[in-house]
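Below you'll find the structure, written out as structure tokens, and then a few comments.
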Amino acid sequence: MTTRIFGSGIRRREDPRLITGQASYTDDIKLTGMVHAAILRSPHAHARINGINTDAAKSAAGVLAVYTGADIEGVLNPIPCAWAIPDSDLKAVAYPAIASGVVRYVGDAVAVVVAQNRYQAEDALELIEVDYEPLPAIINPEAALGDGAPQLHEDAPNNQAFHWVAAGGDTDAAFADAAVTVSETIRQQKLIPNPMETRSAIASWSPAMGELTLWNTTQNPHIARFVTCLVTGVAEHKIRVIAPEVGGGFGAKIAVYPWEMITAFCSMQLGVPVKWTETRTENYLATTHGRDHVEYVEMAANADGKVTAVRSVVYAGMGAYLSTAAPGIPTILHGLMYSGPYDIANIKADVYGVFTNSTPVEAYRGAGRPEATFLLERLMDKVGDAVGIDSVEVRRRNLIEPFDNNRDVAIGITYDSGNYSNALDQLLGHIGYDRFRHDQEHEREHGTFRGVGIACYCEICGLGPSQVAGAVGFGGGLWESATVRIYATGKVNVFIGTSPHGQGEETTFAQIVADEIGVDVDDVEVIHGDTDTTPMGWGTYGSRTTVVGGAAVALTMRKLRDKARVIAAHLLEADEADIEYADGQFFVRGAPDRAQSIQDIALQANVAWNLPEGIEPGMEASTYYDPPNFSYPFGAHAAIVSVDPDNGHITLDRYVAVDDCGPQINPMVVEGQVHGGVVQGAGQALWEGAVYDDNGQLLTGSMMDYAIPRAHLVPDIEVHSTVTPSPHNPLGVKGIGETGTIASTAAIYSAVMDALKPIGVTSLDMPLTPERVWTAIQAAGYTGNGHGHSHGHDHGHDHGHGHNH
Amino acid sequence: MFAAEFEYRKAGSIADAVRLLSENPGAKLLAGGHSLIPLMRFRLARPEVVIDIGGIDGLRGIRISDGSINIGALATHAEIANSADVQQANGLLAEAAGGIGDPAVRNRGTIGGNLAHADPASDWATVLTALGATVSLQGPSGSRTIAVGDFVEDAFATALAEDELITTVSVPVLAANQRAEYAKMAHPASFYAVVGGAVVVTMDGDRCTAASVAVGGLTPRPVKAAAVEQALSGTTLTMDSIADATSRLSEDLSAAGVDIIGDVYASADFRSQVAPVEVKHALLHAIGLAHH
Ligand SMILES: Cc1cc2nc3c(=O)[nH]c(=O)nc-3n(C[C@H](O)[C@H](O)[C@H](O)COP(=O)(O)OP(=O)(O)OC[C@H]3O[C@@H](n4cnc5c(N)ncnc54)[C@H](O)[C@@H]3O)c2cc1C
């Protein structure tokens, strides 16, 4: 073998079925006798339910049953939150699958109809009469904590879900002594994740067997089984959760939702399989959102721009209830990352989790780390301005020196390895930074406003050591598992506990296997997503599947290699110590002709006619891998934008990414992850935002109003990398799933502010809509040079034409 | 989609469609379905009968004759954008069509459905108003032709009678000395016009001898900008004269006596402030003063 399969950009084996429509998602599955559920959702953000009349619905055509909150009481337990942040006074308020008494957001479930088909179920929903008594609603998380705000939960005074503080060093002293301090108010707007596949579940209860099978569009089937057991009371070993093809998650498919629990309840009541699939409208209301912070952040620095401290007060909206992992996001995944790639001696994060009358939040790609990166980069720009140095120079003065094995940061965590200045240097070379600055000056004189934004980041992923998970209140472990079986024919099945849903691990894990034991990559099949056939694992989120699950696969292969070596020695009548391995061959040192291939050995192991003493038959091994530390990918991204001061229109001209996720198993897959991540982060900077009115109605309730990024609005993303292996990971890998999103919002925002600097605009809320930009330009007193630079309107179309955007 | 129950009828001809409309008051015609179906999906529209006109050959095709481009009501935006004849005869038509929505929308949405739906954010209404286009309608008692500017009466309201359908849209071929452009601030989610400005200028060298200007997106129906047109006519077009002329758009908007539309994406105030900018952009492009 000349080229290693590890590191080769082979095509994703997932893609043919995905792009030809052959993939089978939950909603594609049809079971004999299956009936359909539709959920009645509250049209009010906050209301008391004084009565529900379901008589007409119950007698409507095709209707089998109608259930309300009263029906599930005592049968279905409340939905648990699985991340109880310690020392935070966390209020685990009741989260009933179907509301009873009070609804707390538009989308809260009020009743469910089960009918022969979905149309009948939808028709019957219209016949349910609910007597609502509307109550005042509150949406802004800071205001929700304030005096006189409408109260959501009796058990959570002032709507406070938790209050968490993390600190290292002496932040107050550092601010008192600082030559320069800067501050900013940041609104991390609420975002809607928008996976292509909406949520869906099929529950099939077998009364005879006492078994529940749940097809569910989830990122973590084993967690789903665990929680289903807690909610339904069915014993864990009697529950099978299957995640068929899952059409994207971005965090929104981590949670165990009321909806699949309602579906299970219906099946258990009726004894027939029940399907529920979310409409897109429901998805906007009832699938978790992301972000939603109001942040007051400050940075202190010396006169030369060396940062001495950062601190925050963050009001993190939780929505109406605590979703599965929600409390961990603004805290562990956010507050603990306030050092980023920088050497900052004093850090304090002060985070309030707050209930509001809106859709619950959960992880959304990056989950906490985009917010942390954004505030650091925003403040870094401001420190640069305050001390009068360029945005690159201020970062350079603060980056942590290169290290290849462990570096403690003030907040109390230990980074694994990093070479941050190298990533920045590479980036500057790729964009031609000095040249850009030169041109920019010249263009400004002609009334053209271009800007460059730099974002350096370091993020925490590869979640994570289970002991730490326990210490920070996560209600489970964070190890991963793999079982690898090599058949007599030399073909390989890999069974993994984690559950990819678009990331490409069916391909990359096969590459790990092929690389470790020398089989053809096409001889390896990766099996995931079914709790009955895969070993226990905690799922795909926090860029952990390759880092933790991939490590489990690699370690399993090394066990199999050891076993194969023993068998080879026996078959070759050589001493085990004399057996060498290369490219799938086990041979006697110095006599490469005396060799057994892994396929030969697998055959012998499986038939077991002639095995060495004490060696068990079969060619199978398992690993449960608990990582010793998190991994800390890093990089530097740059965006170049133009802003048309006439109408506030922003054009994203260039985007360059330099990421370091350690050795890349498949560079094409890495590139794809960066592309998707960057574009999702661009969405937050420029287009996306869930907007509610004062009554808690979602105004951006459809894809006609909520703008997810379009391909033609984004330039070719230039993807580069550096390679700094993680010292503690068996493969050296660090994770790449979220880096794009973590860096790009900050880079693009910074570029826009850079473009607007000569005009005097100093702060803007996201998304950076033309109106916001234009209004700020007007407020800064800019009157223009009167003449027409006219790049900046959507002149037409998304195909080649002289003046489109 | 889980629409309320409805009866599906397929019309074989224009006459058949008119008959079905007359027999079924409240029935809805189905063309590309890109506006009707979302409304039915949200159950905001609950027609008892849906008449599919998609199979009527007589509503298809684009023909150019006697200085007029005659576009069948079922012509899709993509067909119009990609027609070499249209590109040749009236580049603005092709360009505006190519800027509607995204490829999926352009492949399904029709010019007839777009006009009949009369969304204030429609590109066609604004562009066709500036171009002086007409629509031909067919009802039980015959056909009639009406200017697009009169056809669109208000937001989601047209001159169509319950039992009429649009058969053809007719647009003048541009003369050699005419320049036409459309500039829009597109909504980033749908690409519908937040503000759109369409201009047709007749030139004698650098001098504009006649101008037709319409704005839409910010108003319930397209507004013809008489003050801007007047300021342009007889003027040598320069950056400055164009800026002066477009600054008079506010007079036209007040004269039209319509409410300016504002929503969560763009306020009414912002829209009225940038409307002159879009018209200016369109004019600069039309006469080649814009640098890209
Ligand atoms: C995501 C999205 C983005 C869009 N972006 C834009 C945009 O940027 N610019 C823009 O201008 N438009 C845009 N549209 C509108 C789209 O291009 C269609 O033009 C529009 O939806 C209506 O055309 P249709 O053929 O789909 O009509 P349908 O939905 O089939 O019908 C719409 C209405 O017109 C009636 N109707 C249809 N045909 C006739 C006829 N021949 N005679 C009389 N009545 C008729 C129907 O009964 C119905 O009431 C967008 C639509 C979507 C869904």
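Just need a number here: residues in segment B:72-89 that are outside any helix (DSSP H, G or I) and within 12 Å of the ligand (Cβ to nearest atom). Spell out the reasoning first.
At the first step, the residues of segment B:72-89 found to be outside any helix (DSSP H, G or I) are B:72-76, B:83.
Within this subset, residues satisfying the condition of being within 12 Å of the ligand (Cβ to nearest atom) are B:72-76.
Final tally of qualifying residues: 5.
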Report summary line: B:Q230 fails exactly one of (1) at pLDDT 95 or above; (2) within 13 Å of chain A (Cβ to nearest Cβ), namely (2)
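Which members of segment A:697-712 meet the condition of being of a type in the set (A, V, I, L, M, F, W, C) and more than 8 Å from every other protein chain (Cβ to nearest Cβ)?
Kept after step one, since they are of a type in the set (A, V, I, L, M, F, W, C), are these residues of segment A:697-712: A:698-699, A:703-704, A:707-708, A:711.
Residues satisfying the conditions are A:L698, A:A711.
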Report summary line: Those helices (runs of 4 or more DSSP H) completely within segment B:210-292 that have 2 or more residues that are charged (D, E, K, R) are B:239-246, B:249-256, B:268-286
Query - Residues within segment A:590-628 that are within 41 Å of the chain's Cα centre (by Cα) and among the aromatic types (F, W, Y), tallied - result: 2
Report summary line: Picked from segment B:180-219 (must be closer than 23 Å to A:A707 by Cβ and away from the ligand (no atom under 12 Å from the Cβ)), the residue farthest from the other protein chains (Cβ to nearest Cβ) is B:T219
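Answer yes if at least one residue in segment B:232-243 is within 16 Å of the ligand (Cβ to nearest atom), in contact (Cβ under 8 Å) with a residue 12 or more places away in the chain and buried (at least 24 other Cβ atoms within 10 Å of the Cβ), and no otherwise. Give the derivation first.
Going through segment B:232-243, the residues within 16 Å of the ligand (Cβ to nearest atom) turn out to be none.
Among the residues of segment B:232-243, not one is within 16 Å of the ligand (Cβ to nearest atom), in contact (Cβ under 8 Å) with a residue 12 or more places away in the chain and buried (at least 24 other Cβ atoms within 10 Å of the Cβ), which makes the answer no.
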Query raised in the report: Given the conditions (1) under 20 Å from the mean Cα position of the chain (by Cα); (2) closer than 30 Å to A:S391 by Cα; (3) of a type outside the set (A, V, I, L, M, F, W, C), and given that A:Y257 satisfies all but one, which numbered condition is not satisfied?
Result: (2)
**Report entry** Residue selected from segment B:5-18 under the condition outside any helix (DSSP H, G or I) and out of contact with any Phe, Trp or Tyr (no Cβ under 9 Å at 6 or more places or on another chain), by the criterion surrounded by the most Cβ atoms within 10 Å (Cβ to Cβ)
**Finding:** B:A11
Query raised in the report: Which one is surrounded by the most Cβ atoms within 10 Å (Cβ to Cβ), of the residues in segment A:83-131 that are aliphatic (A, V, I, L, M) and within 14 Å of chain B (Cβ to nearest Cβ)?
Result: A:V113
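Do we find that A:S750 is under 23 Å from A:H334 (Cα atoms), over 21 Å from the mean Cα position of the chain (by Cα) and either surrounded by fewer than 24 Cβ atoms within 10 Å (Cβ to Cβ) or free of Cβ contacts under 8 Å to residues at least 24 places away in the same chain (or both) in this structure?
Details: under 23 Å from A:H334 (Cα atoms): yes; over 21 Å from the mean Cα position of the chain (by Cα): yes; either surrounded by fewer than 24 Cβ atoms within 10 Å (Cβ to Cβ) or free of Cβ contacts under 8 Å to residues at least 24 places away in the same chain (or both): no.
Criteria not met by A:S750.
Quick one: is A:H438 without any contact (Cβ under 8 Å) to a residue 12 or more places away in the chain and either in a helix (DSSP H, G or I) or closer than 30 Å to A:K757 by Cα (or both)?
Working: without any contact (Cβ under 8 Å) to a residue 12 or more places away in the chain: yes; either in a helix (DSSP H, G or I) or closer than 30 Å to A:K757 by Cα (or both): yes.
For A:H438, the condition - without any contact (Cβ under 8 Å) to a residue 12 or more places away in the chain and either in a helix (DSSP H, G or I) or closer than 30 Å to A:K757 by Cα (or both) - is met.
Any chance you could count how many residues in segment A:309-345 are of a type in the set (G, A, S) and within 16 Å of the chain's Cα centre (by Cα)?
Filtering segment A:309-345 down to residues of a type in the set (G, A, S) leaves A:309, A:312, A:316-317, A:319-320, A:323, A:325-326, A:328, A:335, A:339-340, A:345.
Remaining after also requiring within 16 Å of the chain's Cα centre (by Cα): A:323, A:325-326, A:328.
Residues flagged as of a type in the set (G, A, S) and within 16 Å of the chain's Cα centre (by Cα) within segment A:309-345 amount to 4.
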Report task. Kindly establish whether B:G139 is within 10 Å of the ligand (Cβ to nearest atom) and more than 14 Å from chain A (Cβ to nearest Cβ). Result -> no
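Does at least one position in segment A:182-191 carry a residue that is charged (D, E, K, R), surrounded by fewer than 20 Cβ atoms within 10 Å (Cβ to Cβ), in contact with a strand residue (DSSP E or B) (Cβ under 9 Å, 6 or more places away or on another chain) and within 17 Å of A:V361 (Cβ to Cβ)? If you could, list the steps in order and put the result at the bottom.
Kept after step one, since they are charged (D, E, K, R), are these residues of segment A:182-191: A:184, A:187, A:190.
Keeping just the survivors that are surrounded by fewer than 20 Cβ atoms within 10 Å (Cβ to Cβ) gives A:184, A:187.
Going one step further and asking which of them are in contact with a strand residue (DSSP E or B) (Cβ under 9 Å, 6 or more places away or on another chain), we end up with A:184, A:187.
Checking the rest, the ones that are also within 17 Å of A:V361 (Cβ to Cβ) come to A:187.
Yes, that holds for at least one residue.
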Report summary line: Condition set more than 30 Å from A:M536 (Cβ to Cβ) and touching a residue at least 24 places away in the same chain (Cβ under 8 Å), scope segment A:604-626, selection surrounded by the fewest Cβ atoms within 10 Å (Cβ to Cβ): answer is A:N610
Requested in this report: For segment A:129-160, enumerate the residues that are among the aliphatic types (A, V, I, L, M), closer than 22 Å to A:T185 by Cα, outside any loop (DSSP other than H, G, I, E, B) and in contact (Cβ under 8 Å) with a residue 12 or more places away in the chain.
Outcome: A:A144
Report summary line: Scanning segment B:100-125 residue by residue, those near the ligand (Cβ under 6 Å from one of its atoms), assigned to a helix (DSSP H, G or I) and over 9 Å from B:A78 (Cα atoms) turn out to be B:G112, B:G113, B:N114, B:A116, B:H117, B:D123, B:W124
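The rows are residues; the columns are (1) within 9 Å of chain B (Cβ to nearest Cβ); (2) under 19 Å from B:H281 (Cα atoms); (3) at pLDDT 95 or above.
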site: A:I717; (1), (2), (3): no, no, yes
site: A:V733; (1), (2), (3): no, no, yes
site: A:E738; (1), (2), (3): no, no, yes
site: A:V761; (1), (2), (3): no, no, yes
site: A:V773; (1), (2), (3): no, yes, yes
site: A:G802; (1), (2), (3): yes, yes, no
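The values are calculated or read from the model by the stated rules, or taken from the named source; none is laboratory data. None of these values were measured; they are calculated from a predicted model. All Cβ positions, even for glycine, are placed from backbone atoms using ideal geometry, and neighbour counts span all protein chains on display.
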